[in-house]
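The values are calculated or read from the model by the stated rules, or taken from the named source; none is laboratory data. Every value quoted in this text rests on a predicted model; they were computed, and no experiment measured them. Reconstructed Cβ throughout: ideal geometry from the backbone, glycine too, with neighbour counts over all protein chains shown.
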Amino acid sequence: MAVALFGGAFDPPHEGHVGLAHAAKEHFGLARLIVLVSERPGHKDLELPAELRLVLARAAFPGDEVRLDPYPRTIDLLRAEEFDDPIFLVGADQFVDFLTWKDPEGVLELTRLGVATRPGFDRGLLDTVLRALERPDRVLFFDMAPSWAASSEIRARLALGEPLEGLVPPAVERLILERGLYRHA
């Protein structure tokens with residue numbers, strides 16, 4: 001049985017993240033999901049330290065394994081650790097940038113890529129990336145329900161004191177409000 005790896009900054013984790021994970025579990029019949037909270041992603045600045053993002057991710061993904069990922073790039077994680085028949089989960093918007101990742105062909109040698117698509121996403125963008133790959137057979141698409149949640153929007157709403165209803169899981173919202181997180185985002 002395949003294990004799914006779902007990495008990200010999760011700054012904060014939101015309903016889109018949860019929906020992607022749920023859709024992947026159903027589509028691939030996954031028994032195990034490992035949520036990898038990037039300690040220091042090589043591609044973005046973060047609002048919260050890794051330890052706080054880990055707490056939020058554990059609240060968002062109860063029942064799944066949630067841990068810190070010390071590697072700044074996906075290929076580094078896959079080379080350093082062994083996983084049983086892994087599927088690395090990404091959203092379609094991330095897959096569009098896959099060719100800019102460090103050693104994308106190496107990533108596909110070590111894992112299959114599970115790409116979540118949603119209604120309205122331009123399939124032509126995905127096909128352009130597929131055509132450039134040596135192993136497009138290692139890319140598996142699955143559908144997920146649309147989600148309008150975005151971490152940057154959530155941080156902006158919090159800084160303005162606006163509600164988060166429907167954007168983050170209730171347990172995540174509770175932690176954010178209790179700890180006063182993202183007030184100065």
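Of all residues being part of a helix (DSSP H, G or I) and touching a residue at least 40 places away in the same chain (Cβ under 8 Å) in the range 152-173, which is nearest to Ala92 (Cα to Cα)? Just the residue, please. Only one residue fits best here, namely Ile154.
Name the residue, out of Ala31, Ala92, Ala80, Ala59, that is small (Gly, Ala, Ser) and in contact with a strand residue (DSSP E or B) (Cβ under 6 Å, 6 or more places away or on another chain). Spell out the reasoning first.
Values: Ala31 fails: in contact with a strand residue (DSSP E or B) (Cβ under 6 Å, 6 or more places away or on another chain); Ala80 fails: in contact with a strand residue (DSSP E or B) (Cβ under 6 Å, 6 or more places away or on another chain); Ala59 fails: in contact with a strand residue (DSSP E or B) (Cβ under 6 Å, 6 or more places away or on another chain).
Ala92 is the lone residue from the list that is small (Gly, Ala, Ser) and in contact with a strand residue (DSSP E or B) (Cβ under 6 Å, 6 or more places away or on another chain).
Each residue in the range 33-66 was checked for being over 21 Å from Lys102 (Cβ atoms) and surrounded by fewer than 15 Cβ atoms within 10 Å (Cβ to Cβ), and 5 of them qualify.
The residue that is modelled with the lowest pLDDT, among those in the range 128-162 that are among the polar types (S, T, N, Q) and surrounded by 12 or more Cβ atoms within 10 Å (Cβ to Cβ), is Ser147. Of the residues making up the range 104-119, one or more are in contact (Cβ under 8 Å) with a residue 12 or more places away in the chain, over 22 Å from Ala9 (Cα atoms) and touching a Pro at 6+ places or on another chain (Cβ under 7 Å).
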